[in-house]
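Before any comments, here is the structure.
What follows is calculated from the coordinates using simple rules that are stated; it is not laboratory data. These figures come from a predicted structure and were not determined experimentally. For neighbour counting, all protein chains shown are included, and Cβ atoms are generated from backbone atoms with ideal geometry for every residue, glycine included.
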């Protein structure tokens, strides 16, 4: 499902039938931007029944270039992480 399909599904919900396509798009945009900004600051976003978004730090490490076999240094970096909630896991 892509963004456009997500917005269409939101509009098809009976309880949200009053929303326009623009309202649904704005809702999705604001929700995603809020999650990104919050995680960037270092805070977790927990959506009960769905999952949690958090920020994780990876240490610097040594890797191997698969085409040459040469060892390379991989810098430390910070990445976003999603952990599915219990209800979401059980649904799968």
Checklist entry - In Å, what Rg and Dmax follow from the Cα atoms of the range 44-92? => result 16.6, 46
Checklist entry - Between residue 59 and residue 43, how many nm apart are label points set 7 Å from Cα along the C-beta direction? => result 3.0
Checklist entry - At what distance in nm do the modelled label points of residue 31 and residue 14 sit from each other, each positioned 7 Å from its Cα along Cα→Cβ? => result 2.0
Checklist entry - If you build a Gaussian network model of the chain, linking Cα atoms that sit under 10 Å apart, which residue out of 47, 32, 16 swings the most? => result 16
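With N set to the residue count of the chain, report its C-alpha Rg divided by 2.2 N^0.38 Å to two decimal places.
Output field value: 1.54.
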Next on the checklist: Can you give me the angle between helix 21-41 and the longest principal axis of the chain, using Cα atoms only, in degrees from 0 to 90, rounded to the nearest 10?
Outcome noted: 30
Checklist outcome for this item: Per-residue ellipticity at 222 nm attributable to helices in the chain (runs of n ≥ 4 DSSP H, -39500 (n - 2.57) apiece, nearest 500 deg cm²/dmol) works out to -12500 deg cm²/dmol
Checklist entry - Roughly what angle does helix 3-12 make with the longest principal axis of the chain, taking Cα atoms, 0 to 90 degrees, to the nearest 10? => result 30
Item to check | Selected from 37, 81, 21 as most flexible by GNM, with the chain as the system and alpha-carbon contacts under 10 Å | outcome: 21
